[in-house]
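Undergrad: The structure follows.
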Amino acid sequence: MRLAPSARRAAAFALVIAAAAAQASPWFDAGSRPGPLAREAATLLAAAPEHGLVAEDYHAAALVQALDAAARAPSPELATRLEAELDVTMRRYLADLHRGRLDPRVLYPTLTLPERQPFDARAALDAGLAAGSLALAVRRAEPVLPQYGELRQALARYRTLEHDPAWAAPLPPLPSVGRTRKLEPGAAWPGLPALAARLVALGDLPAGTHAGAVYAEPLAGGVRRFQERHGVSADGVIGAATFSRLEIKPAARAEQLALALERLRWTPLLESPRMVVVNIPEFVLRAYEVQDGRIAIVQRMRVVVGQALDKRTPLIDAELRAVEFSPYWNVPPSIVRSETLPKLRRDPGYLEREGFEFVAADGSVHTGASAEALDALAAGRWRIRQRPGPRNALGDIKFVFPNAEQIYLHHTPSTGLFARDRRDFSHGCVRVEDPLSLAMFVLQDMPDWPEARIREAMDAGESRTLRLTTPVRVLIAYGTALVKDGRVFFFDDIYRQDPRLQAALRERAAPARAD
């Protein structure tokens, strides 16, 4: 049956519209076959593990198969479905790449995060499509931090080691030395060849280094470098702590690096001109400035954090607004109940010896540890505080950043703890090793507070609060892997947060593919 002229014109017009629509698609050609950008998208999604992401979250393998099917048997219907899927999946991938797969508040409900610069995955994808390169969209999405690229390189390296024969069998037991097992220089041990192979693979020894008949240099030097990167005293002696870390396989370290990338995507490190960052597992504080879009570390110091068992330091993102010189320590009720009150009942002289005093509800101060005072303290009618002085638990300065957990940074009279490798000894607040340097950093835009005046206020023994002209952002973060000066460092997961994050990421359901 022949169509009427008007019907033929309508059919021809429909074909022209369909062809124009097909040609306008950035993903498929006029014949409904996948174009270069569709193939590039599939390649990028399959390579998501290079960023510590999971290719299955984006149905990468299934998408490759569908594109192959579309190339063999093209159809407008299949092209339309795959075009929608490519669009949705690439936007989700770019958003994950920029902000992380998980909102950290899923794990840390009390974490208060300030507003970040918005990221428009749609605009990033459109820019890449217009430029004919989705790699451009990826570059716009990934964090603009040198640490991010360094962690990616480290992740790739550790994944190449996952099947390295150096880890094919466990190391033999260490030699017995008295009641312990350890390997000291000069001792023989059948595990020396495997040890040398592992240290070479990890980059702690030069390629081609071989083990001798006994444990000696250069092998001991490689062990010291390994110990330094894994939070163990770098003495070259292999004891239980070093041995256990040598046995951790590269696949487990690769997972740590992937988690470090996820946490870095949460962290808006370039969105404040100055910042103080504490990494809990590393026991280190860094103060930095952003200069020309790059991070410049100004201060680095050791810290003491909350005890892992029951007094953990929480994750916090807040503004440091004030400094208290020669502060009082207002003892928290939990410490009063568990520690201070029992000590005072056993030894009333503890009050004066440690510089404590009671404060009644009307603000009056009392210095005698009478039975009535202790009862009032136990009932919560009175509180107790420690006067400024050499025994004050906060030392001679306190850095205040208001937060729901009542956590702050402060100095301490117990400075010997900073020499320990593991430094989780506090009740939750963070003790800083060099408070003077930190004070100079946070007060640097207040020229009437030079170093000499800061020292004087710290030594005055009289409490004084100074408000900052410009607040400084404080971030208490948690990361068990870091690249420093081109070397990969791993830290003990003292609060067992890595398994929590892994479980939460596994539970994150990937959306169904478009039909």
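The values are calculated or read from the model by the stated rules, or taken from the named source; none is laboratory data. Model, not experiment: these values are computed from the prediction. Cβ sites come from the backbone with ideal geometry, for glycine too, and all protein chains shown count toward neighbours.
Undergrad: Counting residues that are crowded, with 17+ Cβ neighbours inside 10 Å and without any contact (Cβ under 8 Å) to a residue 60 or more places away in the chain, which helices (runs of 4 or more DSSP H) fully inside region 106-174 reach at least 3?
TA: 121-131, 134-141
Undergrad: Of all residues being in contact with a Pro (Cβ under 8 Å, 6 or more places away or on another chain) and at pLDDT 90 or above in region 318-371, which is nearest to Trp266 (Cα to Cα)? Just the residue, please.
TA: Residue satisfying both the conditions and the ranking: Ala318.
Undergrad: Hey, can you tell me all the residues within region 401-443 that are out of contact with any Leu (no Cβ under 7 Å at 6 or more places or on another chain) and of a type in the set (Lys, Arg)?
TA: Passing the criteria: Arg420, Arg422, Arg431.
Undergrad: Hey, another quick one. Test Leu315 against the criterion of being under 26 Å from Val430 (Cβ atoms), of a type in the set (A, V, I, L, M), at pLDDT 90 or above and assigned by TED's automatic domain parsing to the domain that holds Arg455, and give yes or no.
TA: Considered against the rule, which asks whether it is under 26 Å from Val430 (Cβ atoms), of a type in the set (A, V, I, L, M), at pLDDT 90 or above and assigned by TED's automatic domain parsing to the domain that holds Arg455, Leu315 comes out as yes.
Undergrad: Would you tally the residues in region 90-105 being outside any helix (DSSP H, G or I), in contact with an Asp or Glu (Cβ under 8 Å, 6 or more places away or on another chain) and either at pLDDT 95 or above or under 18 Å from Leu475 (Cβ atoms) (or both)?
TA: Total satisfying the criteria: 2.
Undergrad: Additional query: When you scan region 26-49, how many residues do you find that are touching a Pro at 6+ places or on another chain (Cβ under 6 Å) and assigned to a helix (DSSP H, G or I)?
TA: Total meeting the criteria: 1.
Undergrad: Here's a follow-up. Taking region 359-392 on its own, how many of its residues are touching an Asp or Glu at 6+ places or on another chain (Cβ under 9 Å) and of a type in the set (A, V, I, L, M)?
TA: So the answer is 3.
Undergrad: Suppose we keep only residues that are in contact with a Lys or Arg (Cβ under 8 Å, 6 or more places away or on another chain) and within 26 Å of Phe489 (Cβ to Cβ) within region 433-453. Which one would you say is surrounded by the fewest Cβ atoms within 10 Å (Cβ to Cβ)?
TA: Phe441
Undergrad: When you scan region 46-58, do you find a residue that is at pLDDT 85 or above, out of contact with any Lys or Arg (no Cβ under 8 Å at 6 or more places or on another chain) and over 28 Å from Arg139 (Cβ atoms), even just one?
TA: no
Undergrad: Still on this structure: What helices (runs of 4 or more DSSP H), lying completely within region 183-275, carry at least 3 residues that are closer than 30 Å to Ala55 by Cβ and of a type in the set (Gly, Ala, Ser)?
TA: Fully inside region 183-275 and qualifying: 250-266.
Undergrad: Right, another one. How many residues does region 334-382 hold that are assigned to a loop (DSSP other than H, G, I, E, B), without any contact (Cβ under 8 Å) to a residue 24 or more places away in the chain, among the hydrophobic types (A, V, I, L, M, F, W, C) and surrounded by 11 or more Cβ atoms within 10 Å (Cβ to Cβ)?
TA: Of the residues in that region, 1 qualify.
Undergrad: Can you name every one of the strands (runs of 3 or more DSSP E) wholly within region 401-496 that holds 3 or more residues which are more than 29 Å from Tyr148 (Cα to Cα) and either modelled with pLDDT of 95 or more or more than 29 Å from the chain's Cα centre (by Cα) (or both)?
TA: It comes to 464-477.
Undergrad: Would you mind finding the one in Val223, Val237, Val214 that is among the aliphatic types (A, V, I, L, M), modelled with pLDDT of 95 or more and more than 31 Å from the chain's Cα centre (by Cα)?
TA: Matching residue, one of Val223, Val237, Val214: Val214.
Undergrad: Shifting gears a bit: Scan region 220-230 and tell me whether some residue there is buried (at least 21 other Cβ atoms within 10 Å of the Cβ) and over 23 Å from Arg496 (Cα atoms).
TA: Yes: region 220-230 contains one or more residues that are buried (at least 21 other Cβ atoms within 10 Å of the Cβ) and over 23 Å from Arg496 (Cα atoms).
Undergrad: Based on this model, can you work out whether Leu183 counts as surrounded by 13 or more Cβ atoms within 10 Å (Cβ to Cβ), modelled with pLDDT of 95 or more, in the same structural domain as Pro36 (by TED's automatic domain parsing) and not β-branched (Val, Ile, Thr)?
TA: no
Undergrad: Among the candidates Pro273, Pro193, single out the residue that is without any contact (Cβ under 8 Å) to a residue 24 or more places away in the chain, under 30 Å from Val472 (Cα atoms) and surrounded by fewer than 20 Cβ atoms within 10 Å (Cβ to Cβ).
TA: Just a single option satisfies the conditions, and that option is Pro273.
Undergrad: Also, quick follow-up: Suppose we filter region 385-430 for residues that are basic (Lys, Arg), out of contact with any strand residue (DSSP E or B) (no Cβ under 8 Å at 6 or more places or on another chain) and touching a residue at least 40 places away in the same chain (Cβ under 8 Å); how many remain?
TA: 1
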